[in-house]
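As structure tokens, the structure follows; a few thoughts come after it.
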Amino acid sequence: MSAKSGMKSKSMFAEMSRHTLILFVLLFAFFPLYMMLQISLKDNAQFTNNLWLPMAPFHWANWQVGWLAIRDFIANTVVVSVFSTVLTLAFATITAYVFARYKFFGSEFLFFLLLGVMMMVGVASLVPLFTLLRDLQLLNTLTALVILSVSGGQVMCVYVLKNFIEDIPKDLFDAASIDGAGDFGSIWNVVLPMSGAILSTLGILRFIGTWNDFIMPMLVMRDQKLYTLGIGLMSLSSGYDRQWGPLMAAYCIASIPLVLIFVFTMRLFVKGLSSGAVKG
Amino acid sequence: MWRSFSDSIKRRLNCYVLILPTIILVGLFCYYPALSGLYYSFFDWDGALHREFMGLGNYMEALTDKRLLWAFFIILIFVVANMVKMIPSIIVALAIFHLKSKRSQYLYRVLFVIPMIIPGVVMILMWRFFYEPNVGALNRLLDALGIIDISSPPMWLASPYLVIPSIIFMGFPWVGVVSVLIFLAGLQGIPDSVYEAADLDGCGAFRRVFAIELPLILSQVRLTMVLMIIGTLGGFEQILLLCNEFGGPNGVANVPGLYMFRMAFMEGRVGYACALGMIVFLIIMGLTIINEKFVRIDK
């Protein structure tokens, strides 16, 4: 036995223990998901008798019941999230472009004001925001949720995009304006093609944020028909005569869109978050 | 001359027009509520007709409000608990980072993101189900192990003694995806030369972690900590979903955000609620400024 092979087996051992540790943590992290999935296929008798393991017969109808219970909530949430994401990115890109490329009277002050929003604390303006929406007659409308999400997302997106656009070589913009492109032309032909990755990362984060929003919809929405997912699921889960199968199926269905988005954008998401989140 | 002047005016006007949507949205829905919240906090206001100026009255009341003091005490416990709960993320990030195989590094990253991508409300409701006294997973596990008797089960979320530990335990194993990814980014930023130097000095694994890696990702740890503290201080979604709007049994799990919410929307004390919001804001501000100072000294 040479010293070298001893070291090798030691490092093998370290590697194995790392894998074991990670898998152990993953086991716990996935446990709620596992419970959600396997209970979603059980009826209440199966749920009472055998909580832990999947059990035949599988009640696929639970998923149908769950779907019917939350499909309106899903539709509302999709509408709010899609509009929020698109409008947030559209406004933020234009604003970031202007701040990145032009100096004009008050530009630094306005940008400073914009950054000041980062210092604000959501909970402090929750109550006045509610009274504002009431005065604007926006309570109980999906529009209110879109507006709040778009205004809340501006600062972060403008800040990130401005830094990004400033790094685009000036020649590209000069070339575009020689070709007769105006501001929108430059944004369309220069900024958008170059900022696909960053725009998608920001867009995904905004979409997930809006999808998961709970407090604001709870304050704003009265009409059960207009509930978004968070409050909808909460109202479903607090009934007395609970059918656990359909309830868990509803939880699963509510999670699917985010999982799908993640699966399709995995590479981007994992990379974008880890490289872009903290630089310097 | 005139033409270029008018052109430049036109371009300036153009700038203002282009940024108008953002400015209006931010002004109306970020600045106006914050400022009007400050204004309302000086009034005794029920949110409708009755509005009476009372100067610092709301703030004076807050200083002696025993329920608010309790809420701040509880939130302090949660902040400390959440700091401890950052440790698993650091350990997992270190474990993933030191894996030899790049493929399994990537695979584990992806696997860790999946449970975290589940909507927060769903996760909280799942934990509420785990804690259900009669049908919940936790009590049935303990019953099967013979630790408890399911006919007189512990009421995890309804007992004033158990509710705080139960809320703290929630989310076990406490691996936050964003923090893991942020820590990983920090670890990847450590130059190879540092590791080579450590190897030459015969630095062992434990010393490597405590003398090199933790100090070098300190700025990432601090960033996550700041985000966590801000989120914890202002948050009340968890407690609202797990318990109720009163903060659980006897209100022991009442936190400042929840107290503010209840004052405004259930007890019709909008002015007082705005003052509470301002107090939370000032505390977060203060902590942020202190943290900024520390960061400066560090660099």
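The values are calculated or read from the model by the stated rules, or taken from the named source; none is laboratory data. Every value quoted in this text rests on a predicted model; they were computed, and no experiment measured them. Ideal geometry is used to build each Cβ from the backbone, glycine not excepted, and the neighbour counts take in all protein chains shown.
Here are the numbers for the structure shown:
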| quantity | calculated |
| --- | --- |
| The listed residue being in a helix (DSSP H, G or I) and closer than 20 Å to B:Leu76 by Cα, out of B:Gly171, B:Gly231 | B:Gly231 |
| Residue selected from the range B:227-284 under the condition modelled with pLDDT of 90 or more and of a type in the set (S, T, N, Q), by the criterion surrounded by the most Cβ atoms within 10 Å (Cβ to Cβ) | B:Asn254 |
| Candidates B:Phe210, B:Phe183 - the one that is surrounded by fewer than 16 Cβ atoms within 10 Å (Cβ to Cβ), closer than 14 Å to B:Ile87 by Cα and under 31 Å from the mean Cα position of the chain (by Cα) | B:Phe210 |
| Flag if B:Ile124 is among the β-branched types (Val, Ile, Thr), more than 18 Å from A:Asn50 (Cα to Cα) and either surrounded by fewer than 22 Cβ atoms within 10 Å (Cβ to Cβ) or in contact (Cβ under 8 Å) with a residue 24 or more places away in the chain (or both) | yes |
| Qualifying positions in the range A:46-66 - surrounded by 12 or more Cβ atoms within 10 Å (Cβ to Cβ), in a loop (DSSP other than H, G, I, E, B), modelled with pLDDT of 90 or more and more than 13 Å from chain B (Cβ to nearest Cβ) | A:Pro54, A:Phe58, A:His59 |
| B:Asn291 being among the polar types (S, T, N, Q), more than 9 Å from chain A (Cβ to nearest Cβ), in a loop (DSSP other than H, G, I, E, B) and surrounded by fewer than 22 Cβ atoms within 10 Å (Cβ to Cβ) | no |
| Only listed residue being free of Cβ contacts under 8 Å to residues at least 12 places away in the same chain, more than 10 Å from chain A (Cβ to nearest Cβ) and of a type in the set (Ser, Thr, Tyr), chosen from B:Ser151, B:Ser159, B:Ser104 | B:Ser151 |
| Pair list, Cβ < 6 Å and 6+ apart or interchain, from the range A:204-221 residues that are in the same structural domain as A:Ser84 (by TED's automatic domain parsing) and at pLDDT below 95 to residues that are among the basic types (Lys, Arg) and crowded, with 21+ Cβ neighbours inside 10 Å | none |
| Residue under evaluation B:Ser89, criteria (1) more than 14 Å from every other protein chain (Cβ to nearest Cβ); (2) under 30 Å from A:Glu15 (Cβ atoms), criterion not met | (1) |
| Selection from the range B:9-62 of residues that are hydrophobic (A, V, I, L, M, F, W, C) and at the interface with chain A (Cβ under 8 Å from one of its Cβ atoms) | B:Cys15, B:Leu18, B:Ile19, B:Ile23, B:Leu25, B:Val26, B:Leu28, B:Phe29, B:Cys30, B:Ala34 |
| Looking only at the range B:136-159, and only at residues there that are among the hydrophobic types (A, V, I, L, M, F, W, C) and over 26 Å from B:Phe236 (Cα atoms), the one that is modelled with the lowest pLDDT | B:Ile150 |
| Among (1) over 27 Å from A:Leu205 (Cβ atoms); (2) free of Cβ contacts under 8 Å to residues at least 12 places away in the same chain; (3) crowded, with 16+ Cβ neighbours inside 10 Å, the one test that A:Ile22 misses | (1) |
| Single residue of A:Leu219, A:Leu226 found to be surrounded by fewer than 24 Cβ atoms within 10 Å (Cβ to Cβ), within 13 Å of chain B (Cβ to nearest Cβ), over 13 Å from the mean Cα position of the chain (by Cα) and over 19 Å from A:Met36 (Cα atoms) | A:Leu219 |
| Total residues in the range A:137-151, condition without any contact (Cβ under 8 Å) to a residue 40 or more places away in the chain and either touching a Cys at 6+ places or on another chain (Cβ under 7 Å) or facing chain B (nearest Cβ under 9 Å) (or both) | 2 |
| From the options A:Arg71, A:Arg101, residue that is closer than 29 Å to A:Phe164 by Cβ and basic (Lys, Arg) | A:Arg101 |
| Scan of the range A:67-107 for residues that are charged (D, E, K, R) and either in contact with a strand residue (DSSP E or B) (Cβ under 8 Å, 6 or more places away or on another chain) or in a helix (DSSP H, G or I) (or both), ordered by number | A:Arg71, A:Asp72, A:Arg101 |
| Some residue of the range B:75-86 being under 30 Å from A:Phe13 (Cβ atoms), touching a helix residue (DSSP H, G or I) at 6+ places or on another chain (Cβ under 7 Å) and surrounded by 16 or more Cβ atoms within 10 Å (Cβ to Cβ) | yes |
| Enumeration of residues in the range A:219-241 that are among the polar types (S, T, N, Q) and not in a loop (DSSP other than H, G, I, E, B) | A:Gln224, A:Ser235, A:Ser237 |
